[in-house]
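Just below is one structure, and these are the notes that go with it.
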Amino acid sequence: MSDKFVKVTTPEGVTAELPVKEGVIGPPTFDVKTLHKQTGYFTYDSGFAATGACESGITFIDGEKGILQYRGYPIEQLAENSNFIEVAYLLMNGELPNKAEFKSFDEEITRHTMVHEKIRSLMKGFQYDAHPMAMMMSVIGSFAAFYHEGMSVDDAKDRRLAAIRLIAKMPTVAAAVYKNYIGQPFMYPRNDLNFTERLLHMMYGVPAEPYEVNPVAAKALDLLFILHADHEQNASTSTVRLVGSTGANPFACISAGIASLWGPAHGGANEAVLNMLGEIGDVSNIEKYVAKAKDKNDPFRLMGFGHRVYKNYDPRATIIRKACHEVLDDLGIDDPQLELAMKLEEIALKDEYFVQRKLYPNVDFYSGIIYKALGMPTQMFTVMFAIARTVGWVSQWLEQYETADTRIGRPRQLYTGPVTRDFVNIDKR
Ligand code: ACO
């Protein structure tokens, strides 16, 4: 805490002194916690555009400069040199692991990949066409029924075990969700494979014959997972923290995070991008759809464009754009939707409306194209995002318990309803 203060004076002339809190980098904040006590005023910030809700030492973003760092390491360096499990260790523990730490963490995750057989029976109760995100939300939430008694969120060891279980079991559940969708038998995890290979084996393997994992696909998934692992206080992470602030079961917290991620304004955008490209259909229709996106009377938006924080470019989009071309080349896929996407990007980037509002393609503009190339149905795209983001969610949830300033999340409001009035009996209304 610095010794600086910000002075605020209300229209009535009441003055409050609010302490300035500075992080190590990034804009300083002033702490409004005592504002109401000092002045009778609350702050109003719908959508939390200028409000920090917690202290965090995990991820740093500078939206103007297009910077994303996990524990101080630039995302570009991690994408180039690291792997998802190492990044998971980094996010959870704060430092990169040495060889022995990596081996032990990897083994720990690997040993928790199986799910209770009753979870498998529960999953079989869903209709074949249940949306995979609806199933993920329910199944991960239902883990709370298996890991509740005997686990205490106040015990650091229990919290860590819950985090490991979540990271390890998400791919097993995700693959089973996919198998339910296509009507194939669920596959058990193969612990001789690495994290992404294991996922691909559970998704695309069948008991009737051996399945060889394509290394290009496994590497592409690993990269996508690194890029999606954490993203500071986004909607789903804030949801996890808000639910977590009540002391709720960690599986319930992550289930709430999955619900939040599902929305098309957040993680659901990768699915929405592909649906949009399908709707546009052909390069000749792009102008029409760009005009629709600009028309304020039309709810249509260009999916995969714009970001609450990045106002110049999304550094993840730069990495993934390159990877997208490489993956399609490596897999020998000539996808007309990629051509359509590139043309759309080109036209929108030159358009005054998008330039003025600093609307650039975000990470999800490209991730869907890669998932499609790996043979995934669009409904599974956000599930893949959820597997990766689980690492960020659990890291932030763990950090919340280790931060002294954590209180139950309880925003205030600006009331706009009727003022006090007397009840009128139904026969007089
Ligand atoms: N297409 C057309 N216009 C847009 C778009 C878009 N994709 N995004 C924003 N705008 C316009 C808005 O209409 C608004 O215009 P105005 O100033 O004339 O009213 C202006 O740009 C600012 O937009 P806001 O909605 O205020 O920006 P906000 O920060 O609240 O929203 C969001 C960010 C939700 C990402 C938005 O850009 C959007 O809906 N994009 C499409 C969905 C998407 O791709 N989401 C993925 C986000 S990344 C992720 O979650 C991993």
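On the protein heavy atoms, probe 1.4 angstrom, tell me the percent of accessible surface of the chain carried by carbon and sulfur.
53 percent
Starting at the first residue of segment 349-357, write each ³J(HN,Hα) from the Karplus equation 6.51 cos²θ - 1.76 cosθ + 1.60 with θ = phi - 60°, in whole Hz, x for Gly and Pro.
Running phi through 6.51 cos²θ - 1.76 cosθ + 1.60 with θ = phi - 60° gives 5, 8, 6, 3, 4, 6, 5, 4, 8 Hz.
Assuming a strict under-23 Å limit between Cα atoms, what lysine pair count do you get for segment 82-236 once near-sequence pairs (fewer than 8 apart, same chain) are dropped?
Qualifying lysine pairs in segment 82-236: 13.
Filter LYS350/LYS372; LYS311/LYS350; LYS65/LYS288; LYS33/LYS358 down to the pairs with a C-alpha to C-alpha distance above 22 Å, please.
Long pairs (Cα-Cα over 22 Å): LYS350/LYS372; LYS65/LYS288; LYS33/LYS358.
For segment 300-415, compute Rh as the Kirkwood radius over C-alpha pairs and then the Stokes-Einstein diffusion coefficient at 25 °C and 0.890 mPa s; write the answer in µm²/s, rounded to an integer.
The estimated diffusion coefficient comes to 146 µm²/s.
State the Cα centre-to-centre distance between segment 212-247 and segment 368-410 in whole Å.
So the separation of the two Cα centres works out to 4 Å.
Tilt of helix 156-182 relative to the longest C-alpha principal axis of the chain, in degrees (0 to 90, nearest 10)?
50 degrees
If packing is taken as the mean number of other Cβ atoms within 10 Å per residue, what is the order of 301-313, 380-392, 121-133, 9-21, highest first?
Ranked by mean Cβ neighbours within 10 Å, highest first: 380-392, 301-313, 121-133, 9-21.
Which of the aspartates and glutamates could be linked to LYS296 by a straight reach, that is with a Cα gap under 18 Å, when you skip same-chain ones fewer than 8 residues away?
GLU287, ASP351, GLU352
Using the alpha-carbon atoms, what tilt in degrees (0 to 90, nearest 10) does helix 235-244 show relative to the longest principal axis of the chain?
The answer is roughly 70 degrees.
Can you tell me the accessible area per residue over the chain, all protein chains present, probe 1.4 angstrom, in square angstrom?
Solvent-accessible surface per residue comes out at 51 Å².
Segment 304-322 to segment 1-78: how many Å between their Cα centroids?
Centre-to-centre distance over Cα atoms comes out at 24 Å.
In degrees, nearest 10, range 0 to 90: what is the angle between the Cα axis of helix 195-204 and the longest Cα principal axis of the chain?
60 degrees
To two decimal places, what compactness ratio does segment 212-367 give when its Cα radius of gyration is scaled by 2.2 N^0.38 Å? Please list the in-between numbers first.
Values: Rg = 17.2 Å, N = 156, 2.2 N^0.38 = 15.0 Å.
In units of the 2.2 N^0.38 Å rule of thumb, it is 1.15.
Rounded to whole Å and sorted largest first, what semi-axes of the equivalent ellipsoid does the C-alpha gyration tensor of segment 31-82 yield via the square root of 5 times each eigenvalue?
34, 12, 7
What's the percent breakdown of Cα-Cα distances in segment 52-179 across 5 Å bins, shortest bin first?
Histogram of Cα-Cα distances, whole percents per bin: 2, 8, 16, 16, 16, 16, 14, 9, 3, 0.
Starting from the Cα of SER121, step 7 Å toward the Cβ, then list every residue of segment 165-201 with an amide N under 20 Å from that point.
173, 176-177, 180, 185-189
Using only the C-alpha atoms of segment 1-66, find the volume of their convex hull and express it per residue in Å³.
116 Å³
Enumerate the residues in segment 302-325 having an amide nitrogen under 19 Å from the point lying 7 Å beyond the Cα of GLU76 toward its Cβ.
It comes to 310-325, nothing else.
Can you list, bin by bin at 10 Å, the percent of alpha carbon pairs in the chain, starting at 0?
4, 19, 29, 25, 15, 6, 2, 0
For segment 11-126, compute Rh as the Kirkwood radius over C-alpha pairs and then the Stokes-Einstein diffusion coefficient at 10 °C and 1.306 mPa s; write the answer in µm²/s, rounded to an integer. Could the numbers behind the result be given before it?
Values: Rh = 18.8 Å.
Diffusion coefficient, whole number: 85 µm²/s.
The values are calculated or read from the model by the stated rules, or taken from the named source; none is laboratory data. Since we're looking at a predicted model, the values are computed, not measured. Neighbour counts run over all protein chains shown; Cβ positions are idealised from the backbone, glycine included. To get the accessible areas, we keep the full protein, side chains included, count just its heavy atoms, and leave off ligands, DNA and RNA. Shrake-Rupley method; radii C 1.70, N 1.55, O 1.52, S 1.80 Å.
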